Amino acid sequence: MLHGLTGWHLLIVLAVILLLFGAAKLPALAQSVGKSARVFRGEIKAMKEEDAASGAPTPAPGVADARVDGFAADTPPSR
C-alpha cells in the first residue's frame, strides 16, 4: 500500500498541510478531530449498552437474517 514512501515524503506532505491550513488553524483542527472521535466512541458504546440492556441477541458478523415478516424466505435455486 505504501510501497516506496520514505520519511521525506511524509515531511513534504506535512509541509503542504502546514501551507494549506496555516500554523494557527492546525491545533483547532486537531482538537475538532479529537472531539469527533470521542463523540463517535461514546455513541458506539451507548449502542452496545442499549443492545445489551434490551436482551436482544445480536447476529454473528456476516450472517444475514433470512426471515421476512416472520416467514422464512425461500433460498434462491442453485445452478
Checklist outcome for this item: Note, the range 5-22: 3J(HN,Hα) by Karplus (6.51, -1.76, 1.60, θ = phi - 60°), whole Hz, Gly/Pro = x, goes 7, 10, x, 5, 4, 4, 4, 5, 4, 4, 5, 5, 4, 4, 5, 6, 8, x
Item to check | Distance in nm between pseudo-label sites at Lys25 and Val13 (7 Å out along the Cβ direction from Cα) | outcome: 2.0 nm
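Any read-out appearing in this document is the output of simple, stated calculations on the displayed coordinates, not a laboratory observation. Every value quoted in this text rests on a predicted model; they were computed, and no experiment measured them. As a convention, Cβ positions derive from the backbone with ideal geometry for all residues, glycine included, and neighbour counts pool all protein chains shown.
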